[in-house]
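Student: I am attaching a structure below and will ask some questions about it afterwards.
We did not get these values from a lab; they are worked out from the coordinates using the rules stated. All of these numbers come straight from a predicted model, not from anything done at the bench. When we count neighbours, we look across all protein chains shown, and the Cβ atoms used for this are built from the backbone with ideal geometry, even at glycine.
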Amino acid sequence: MVLAAGEIGEVLVSLGAVLLGFSWVAFTLFSPYYVGGGGGVNVDLSSFPRALQSLFVLLTAANFPDVITS
């Protein structure tokens, strides 16, 4: 049981590292194209926390378009 918990922990840490890495890359690449005021294409990549939230929702939720439009 302890061995399985350790393996699950490794997977969660790896998933978090990948999520942080890709959020940073998305923010770095697409934040210069942020138009502001909700009219831009990359509204959810305007800051690092918003990019992290956007990619986390994309990874975990089936209702991603509903979250993007709010």
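Student: Can you give the extra length, in nm with one decimal, that the chain gains between residue 5 and residue 30 once fully stretched, where that is 0.36 nm per residue apart less the Cα-Cα distance? Walk me through the numbers on the way to the answer.
Tutor: Working: separation 25, 0.36 × 25 = 9.00 nm, distance 3.69 nm.
Roughly 5.3 nm would be gained on extension.
Student: Could you go through region 47-53 in sequence order and give the Karplus-derived ³J(HN,Hα) for each residue, using 6.51 cos²θ - 1.76 cosθ + 1.60 with θ = phi - 60°, rounded to whole Hz, and x for Gly and Pro?
Tutor: Here the 3J(HN,Hα) series is 9, 5, x, 5, 5, 5, 5 Hz.
Student: At a 10 angstrom cut-off on C-beta neighbours, averaged per residue, how do the peptides 46-54, 3-11 rank from highest to lowest? List each step's numbers first, then the result.
Tutor: Values: 46-54: 16.4, 3-11: 9.3.
Output ranking for 46-54, 3-11: 46-54, 3-11.
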